[in-house]
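Below is one structure, written out as structure tokens, with a few remarks after it.
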Amino acid sequence: MQIYLPIAEMPVNVLTILAMGGAVGFLSGMFGVGGGFLMTPLLIFLGIPPAVAVGTQSTQVVASSMTGALAHFTRKSIDFKMGGILLIGGVAGSISGIYLFRVLTRIGQIDLVISLVYVLFLSVIGAMMMVESVRAIRAARGGVIPARRGGHHSWIHGLPFKMRFRRSKLYISVIPPILVGFFVGMLSAIMGVGGGFIMIPAMIYLLRMPTNVVIGTSFFQIVFVTALTGVMHAYTNFAVDIVLGFLLVIGGVIGAQYGVRAAEKLPSEQLRALLAAILLLIGLRLGFDLVTTPDDLYSVVDVAPHR
């Protein structure tokens, strides 16, 4: 069944979009990420213009992250105080990223920049996560419990403006969480992602938050930052296709619930390895598309700002 997307200006198969939304929602709930790093490339592969894919994807990220956040709220695994600090930086980063997105759109380079950023981040982060996951799996099979290094981040403990986060059992400066939030907010605006694939490792290895509150807190921050990003994309860049977003939301909400349940049945090391493999595969595919000759060598694009 075909449906026409008014902003993307192309017809798509409804069942295909619903299936994509459900699959990405499932992975979102399983890994504790917004899912944008998966959905945006998939939409681009489907032929959706990258700018529209980024702007519209935020609606699906909000929906899947909301369901995940509610599931973790019932388990009391959200540090709201830390989430609020991350949100301060996220809002500032999102606003900055939106205006950078608009500048790149005006000069006609947004599609290239989106693809390059995806290739860089997915490849680097996927490789790092894969190496760490393989080491953890080998250690677990050998009966070795990897020691958790603590107290080695003296440069963080020496920063001013310290605050106590009782849920995370931390007493650290608010500067690192704000910077992490700002960076993730920028990525959310430019890449159409929730930023969980950056935030979760940063919360675990940089901020030293307990694993049991990391995913829930990540969901909490993602909900608000991506909601703001979606609204601003719609208002400033006219890049949100509401029809496409509605279909993605339906599939994402359903898939996320099953993903949260599936995550409880798999060891954390295997989950990280699976996520790393997915990141690497998508990064390689995007990189391949950048270096191969396109079907259409020339295209006409209106880069004039909307009024």
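The values are calculated or read from the model by the stated rules, or taken from the named source; none is laboratory data. It should be emphasised that the depicted structure is a prediction, and the values quoted were computed from it without experimental measurement. FYI the Cβ positions are ideal-geometry reconstructions off the backbone, even for glycines, and counts take in every protein chain you see. Please note that ligands, DNA and RNA were not included when accessible areas were found on the heavy atoms of the full protein model with its side chains. Shrake-Rupley method; radii C 1.70, N 1.55, O 1.52, S 1.80 Å.
Results, tabulated for the structure shown:
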| read-out | value |
| --- | --- |
| Residue satisfying condition, being touching a Pro at 6+ places or on another chain (Cβ under 7 Å) and either modelled with pLDDT under 80 or open to solvent by less than 20 Å² (accessible area, probe 1.4 Å) (or both), within set Leu247, Leu279, Leu286 | Leu286 |
| Count of the range 102-135 residues which are of a type in the set (S, T, N, Q) and more than 18 Å from Gly283 (Cβ to Cβ) | 2 |
| Top-ranked residue of the range 71-80 - restricted to ones that are surrounded by fewer than 16 Cβ atoms within 10 Å (Cβ to Cβ) and touching a residue at least 60 places away in the same chain (Cβ under 8 Å), ranked as nearest to Ser188 (Cα to Cα) | Phe80 |
